[in-house]
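To start, the structure under review is shown below, and the notes come after it.
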Amino acid sequence: MVDLEKELAAMREYYSSGNTRDASWRRAQLRGLLLLLHENQTEIFNVLKQDLGKHPAEAYRDEIGSTIKSINYALDNLKGWMSSEKAKLPKVALLTTAAIVPEPLGLVLVISSWNFPIGLSIEPLIGAIAAGNSMVLKPSELAPSCSSFLAQKIPAYLDSNGIKVIEGGPTVGEQLLQQKWDKIFFTGSAGVGRIVMAAAAKHLTPVTLELGGKCPAIVDFLSSSWDIEVAVERVLGAKFSACAGQACIGIDYILVEKKFYPTLVELIKIKLKTMFGENPRDSHSVARIINRHHFLRLKCLLDDPNVRASIVHTKKSQEVPHSRISCYGYIEPTILVDPPLESMIMEDEIFGPLLPIITLQKIEDSIEFIRSRPKPLSLYAFTNDRSLRKRIISETSSGSVVFNDALIQYLADTLPFGGIGDSGIGRYHGKFSFDEFTHYKAVAWRSFLVDFWFRFPPWNDHKLQLFRHCYEYDYLGVILTVLRLKKPKPSSAS
Amino acid sequence: MAEEENRVFGASEASLLIRELRDSFKSGRTKSYDWRVSQLRGIEKMIEEREKDIIQALYMDLSKPELESFFSEISTSKSSCKKALKELKKWMMPEKVKTSMTTYPSSAEIVSEPLGVVLVISAWNYPFLLSLDPVIGAIAAGNAVVLKPSEIAPATSSLLARLLEEYLDKSAIRVVEGAVPETTALLDQKWDKIMYTGSGRVGRIVMAAAARHLTPVILELGGKCPAIVDSNVKLEVCVRRIIAGKWAANSGQACISIDYIITTKQFAPKLIDALKKGIEESFGEKPIESPDMSRIVNAFHFKRLVNLLDEERVYHKIVLGGQREEKLLKIAPTVLLDVPEDSQIMQEEIFGPMLPILTVENLEEGFEVVNSKPKPLAAYLFTNNEQLKKEFVQNVSAGGMLVNDAILHVTVPGLPFGGIGESGIGAYHGKFSFDAFSHKKGVMYRSFEGDSSVRYPPYTPKKQRLLKALINGNIIGIILALISWYRK
């Protein structure tokens, strides 16, 4: 504990020396990250395979490619982000200028999660670096190969005086949370999010919490068969090909009209085969469940007999771990229809390859269905109906909304990525990452030349009159009163 | 009925209140542009029609001079309201954003939506402004609001309770009066946002309560706002502005008033003389009797301030003032020179009419002194030295800064008002208020044409090449990959 405090004190001193604030330092670190990603791709594929059984294409799509894109975006825009922005002033201010000056927060803590252990570690670091902070990263211990990869490689490519990786589990996490940080950025569950924010409250540390929730996908009737096929492919891709459903923005469940359900489920069964083959396990395109705890948790969701009865695909029994891979188990992509709404599978965030389909009388009922539940991180709707789209935007609340696709908003540099209510606090990606780790300092400059002498006591009616005019930007009134051509209104006696 | 009057506002009342407001919010009423405008106009009307009552209440709570009430609380609330009315349509419009090759073809926008039901807890020093300004922001953003004014300014608190009920839609905007028990009952509920103005100690309690429900917070706290004074200034003007930033600002009971001054050993005597003169000009020969200064808010704070002053190592450092009048709750403008750094008066936020002056060898040392303390809500510098101004902005961290004046920066509508570190979390004023009480929802529109199967299994080498090029927005790569894709 004492060592940790010493280490952090040294980091604070390094920050105070001003090194991390230099544009050149920030660029060098960002380029270092790029190099790290480019030069170690094979190793990254390996550790992601070890921890989560991810296919290299999935690893590239979700973790390497996305962070490379984000780093390039930051490098391209850094100069603009770092510059001060002039603020407009009303004319009465006279000879004053004002600006908003971005400055780093100081020493920040980034705690990342296990499902996208490389991507969700690096993405916040990009923002923290671009904003000129020094930082500590605590990767998730549940993805140990990735954690030690980061602990080894980051010091090799980045300035370890300003950027450190501290590995460990809950004990280390607790120790870190007891320290005073200038910001804490946390990705993970709502339960731990509460603990993080409570710890932050002791030091008045601002937090960004990227949590989760049950992200619904509304699938409306689509007239074109091309559209339906693409929609189904995107739904299945978003559920099963992104960390086997263990994703905060993965589709948790589907809402569909009863009439359309038969078409949908048939197409789902066909597409599952096309995308994952007869035996999805052998396709290596479905990631593994991270550990025993989550494996059992997911199996348990299916233990409820009413839930089991609602499975329409597949009845294959769940498998035990492959000895060469250290991650736990493989769970067969499973489709269920109308499991009981009070069952756990419909109450908790699933975070696994189980996809319930809820059927409704009318697709518009999906709006009330979603509204009566906690606000999700993302909401998906596959529909070409403009009025339904409008209603979804204005009548539901979620971190973000995507029409006719899923997951892809993660790649958009211009959209804020973050939750609302139980799905999170704050947002990042693109410039929002820079903003999240920045203090926007309001600065104004006055000259000594002009003064509103009536700003100062002793007070009298004359001065009160001037104030009235000033505040109403009534310049003529100001002039007349100053020239004593306008008589002041008597003030109310106290 | 006597029973109703004695009913305490506890957990069940708080729960009922929030349920009512949630129902109102759910009905969609507060989201409409017309509703927001009608409420803002209601506030405007309220301020105009009841100006006398407001001034009266502020006088009762703080003996605030009419002029000070006018320019620091009434005009400012009115301007805030007017600005919201003027800009609301623009603020409410979704913001279209560019999308890149990576998500082609797509279009996207950022939609502002209200958070829901929000809680505003305000302070006692500017009890009218600090209640109304956040409420204006919350309404402009389309939320339902509960306001809990400070019980330490009881006249303003009960005036606000009456006025808001009279002029605004009480199905969505309510005032809950009370002290710690009532505030605790409110904090136990789940809000969509909590905004608190006050001390760091209570700020921690608010944030800890919010953490239980993952409620985002804005905390407008305080700190010791320093004013660094150089010798190359127009002394008379400078001193007038210091006075405006200290004693004409609620007798120093303001989160952004000048807490202490740093100047060179050489310049200090001149500065003190000028202050003596300036104070006499503004407040007369016996400043403690001047009606142009607020009083100390209550006996508790009076005692606290007197204790700061009477600490042994501090008392004989007084170079001006020091008089106090317990019955009137008044302390004269007091200036002290070089009190010990570890004295209480230099450790906590003074929030009163005492002004310590610390002397240093050179002003860069002064910057270090400021940086060694918790980050304040505001920092001030009086100088004509351009290089010093640059260093000040670059090297000193504070919520906001003003060069060659005090306090005024918070009246600039385009500047955010908020703290950093111990002085707070988040910011508001103008559009920043609207943003603070809004959720910025990212909305992306995709069509069914495009890259679909490239991103998903089965993962073929051809697909992977194209995917790589797509994500990196690498046009040449995309073309080459597409060529090889279609070749077969």
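At a glance:
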| quantity | calculated |
| --- | --- |
| Amide H partners (placed H, <5 Å) of A:K441, local residues excluded | A:V101, A:E103 |
| Rounded FRET efficiency, nearest 0.05, which uses the C-beta distance separating A:A309 from B:M101 and R0 of 41 Å | 0.30 |
| Potential extension, A:Q41-A:A198 segment - 0.36 nm per residue separation minus Cα distance | 52.8 nm |
| For A:418-431, mean number of other protein chain Cβ atoms within 10 Å | 3 |
| Phi to ³J(HN,Hα) by Karplus 6.51 cos²θ - 1.76 cosθ + 1.60 over segment A:143-152, Hz, x for Gly, Pro | 10, x, 5, 5, 4, 6, 4, 5, 5, 7 |
| Given charges at beta-carbon only (K, R positive; D, E negative), |dipole| of segment A:216-414 in Debye | 300 debye |
| Whole-Hz couplings from phi, Karplus 6.51/-1.76/1.60, listed for segment B:256-272; x for Gly and Pro | 10, 6, 5, 8, 8, 10, 10, 8, 6, 3, 5, 7, 3, x, 4, 5, 4 |
| Placed amide H near A:T314: partners under 5 Å, 5+ positions off or other chain | A:I335 |
| Cleavage-rule hits, chymotrypsin sites (Phe, Trp or Tyr not before Pro), segment A:155-260, DSSP coil, Cβ neighbours within 10 Å at most 15 | none |
| MRE, 222 nm, helices only [DSSP H, n ≥ 4, -39500 (n - 2.57), over the protein assembly as shown, to nearest 500] | -13000 deg cm²/dmol |
| Peptide A:373-383 - average C-beta neighbours from other chains (10 Å radius) | 1 |
| Cα gyration tensor, chain B - rounded (a/c under 1.5), prolate or oblate | oblate |
| Straight-distance crosslink candidates among lysines, where the alpha carbon sits under 28 Å from A:K269 and sequence neighbours closer than 8 are dropped | A:K49, A:K54, A:K214, A:K239, A:K258, A:K259, A:K299, A:K315, A:K316, A:K362, B:K462, B:K463 |
| Accessible area in square angstrom per residue, segment B:226-412, 1.4 angstrom probe | 39 Å² |
| Charge tally in the Cβ shell below 13 Å around B:L408, where Lys, Arg are +1 and Asp, Glu are -1, B:L408 excluded | +2 |
| Cα gyration tensor category, rounded, prolate or oblate, for the protein assembly as shown with a/c compared to 1.5 | prolate |
| Anchor B:K440: aspartates and glutamates whose Cα lies under 19 Å away (excluding residues fewer than 8 positions away in-chain) | A:E210, A:E395, A:D413, A:D422, A:D435, A:E436, B:E87, B:E95, B:E109, B:E113, B:D192 |
| Cα→Cβ-extended label distance, 7 Å offset, between A:Q152 and B:S447, nm | 4.7 nm |
| Chain A, relative contact order in percent, only Cα pairs under 8 angstrom and at least six apart counted | 18 percent |
| FRET E, pair B:E13, A:S387, Förster distance 35 Å, beta-carbon r, rounded to 0.05 | 0.30 |
| Contour minus Cα-Cα distance for B:Q266 and B:I479 (0.36 nm per residue) | 69.5 nm |
| Vicinal HN-Hα couplings computed from phi for segment B:421-426 (Karplus, 6.51 cos²θ - 1.76 cosθ + 1.60; Hz; Gly/Pro x) | x, 5, 8, x, 9, x |
| Loop-located trypsin sites (Lys or Arg not before Pro) in segment A:364-461 whose Cβ has at most 14 other Cβ within 10 Å (DSSP) | none |
| Loss of accessible area when A meets B, both sides summed, Å² nearest 100, probe 1.4 Å | 9000 Å² |
| Of A:K375/B:K96; A:K441/B:K441; A:K69/A:K164; B:K431/B:K468; A:K375/B:K170, pairs whose Cα-Cα distance is over 32 Å | B:K431/B:K468 |
| Burial order of peptide ranges B:276-283, B:155-162 (average beta-carbon count within 10 Å, highest first) | B:155-162, B:276-283 |
| B:A299-B:K190 FRET efficiency (beta carbon distance; Förster radius 25 Å; 0.05 resolution) | 0.10 |
| Global form of segment A:333-389, assessed from the alpha-carbon gyration tensor, a/c cut-off 1.5 | prolate |
| Amide H contacts under 5 Å for B:V319, placed H, 5+ residues apart | B:V335, B:L336, B:L337 |
| Chain B, accessible surface, carbon-and-sulfur percent (1.4 angstrom probe) | 54 percent |
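The values are calculated or read from the model by the stated rules, or taken from the named source; none is laboratory data. These numbers come from a predicted model, not from an experiment. Backbone-built Cβ (ideal geometry, glycine too); neighbour counts: all protein chains shown. The area values use the complete protein model at the heavy-atom level, side chains included, leaving out ligands, DNA and RNA. Shrake-Rupley method; radii C 1.70, N 1.55, O 1.52, S 1.80 Å.
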